[in-house]
Amino acid sequence: MPRKNASSRCLMKIDLRKAYDMINGEGHGYFAGKRGLRQGDPISPLLFVLVMEYLSRCLKTMSNLPDFRFHLMCKSLQLTHLIFADDLMIFCKGNVSSVSRAMKALTHFSAATGLVANMDKSSIFLAGVDDSTRDQLLARTGFTVSTFPMRYLGLPLSPKKWTKLDCHLLEEKITQRINVTYSKHLSYTGRLQVITAVLFSIHSFWGTVFILPQSIFKEVDKICRVYL
């Protein structure tokens, strides 16, 4: 995205507001669904998956329209979006027609399901777009322009290779888990369990996404050793 002289491209990071308790619909069968579904209801995750499948199909249908153009890096795969729970990213060419199509699909989905974008947590990333087009896209989406690194699924995503300075967020995250009240009062065995089940899992999660500097491995090992 930040590459110089890049062709026009757009990424929209959209957070769906109150995902579990805003789905429209009526209860059918022996029990009246007067209060609707709430987070924690056993059927909520299944219903949510079905609803998000509908969103995927809406975006797939949109991508077949003649005035929609794919994001350059997604064209070969015909990829329009990535989604995990209520965290959604939509990719398209950075022009008015493509973004408008994406927003129409999202508006249709919101009208059908009641799930709407949280404007405070949604943003748009643009590259290779002139100022005039940029203003039109902002007016069309209502999102704010953001820059990298961006947070997605708890990770700060960046198009650049991570340096030791960038990885201080990982060190802070691990240190925060150690500094919580319950961690300080655990026995030796309890602390060992926290290290293997919690701290190392955070480190492994980052390691599956980023190529971490060797110095970070040593620093994390040092933090865990001191805690133990």
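Couple of notes before you dig in:
- Matching residues in segment 124-144 - criterion: being in contact with a helix residue (DSSP H, G or I) (Cβ under 7 Å, 6 or more places away or on another chain) and part of a strand (DSSP E or B): Ile124, Leu126
- Some residue of segment 2-13 being modelled with pLDDT of 60 or more, over 24 Å from Thr133 (Cα atoms), touching a strand residue (DSSP E or B) at 6+ places or on another chain (Cβ under 8 Å) and open to solvent by 50 Å² or more (accessible area, probe 1.4 Å): no
- Any hit, segment 192-209, residues being closer than 22 Å to Arg3 by Cα and at pLDDT below 85: yes
- Positions within segment 75-94 being under 18 Å from Leu65 (Cβ atoms), open to solvent by 40 Å² or more (accessible area, probe 1.4 Å) and either in contact with a Cys (Cβ under 7 Å, 6 or more places away or on another chain) or in contact (Cβ under 8 Å) with a residue 60 or more places away in the chain (or both), in sequence order: Lys93
- Members of segment 188-228 found to be within 24 Å of the chain's Cα centre (by Cα), in contact (Cβ under 8 Å) with a residue 40 or more places away in the chain and part of a helix (DSSP H, G or I), listed by number: Phe205, Trp206, Val209
- Matching option when the condition is in contact with a helix residue (DSSP H, G or I) (Cβ under 6 Å, 6 or more places away or on another chain), part of a loop (DSSP other than H, G, I, E, B), touching a residue at least 40 places away in the same chain (Cβ under 8 Å) and open to solvent by 40 Å² or more (accessible area, probe 1.4 Å), among Lys164, Lys121: Lys164
The values are calculated or read from the model by the stated rules, or taken from the named source; none is laboratory data. All values reported here derive from a predicted model rather than from experimental measurement. Note: ideal-geometry Cβ built from the backbone for every residue, glycine included; neighbour counts use all protein chains shown. What goes into the accessible areas is simple: the full protein's heavy atoms, side chains included, and nothing from ligands, DNA or RNA. Shrake-Rupley method; radii C 1.70, N 1.55, O 1.52, S 1.80 Å.
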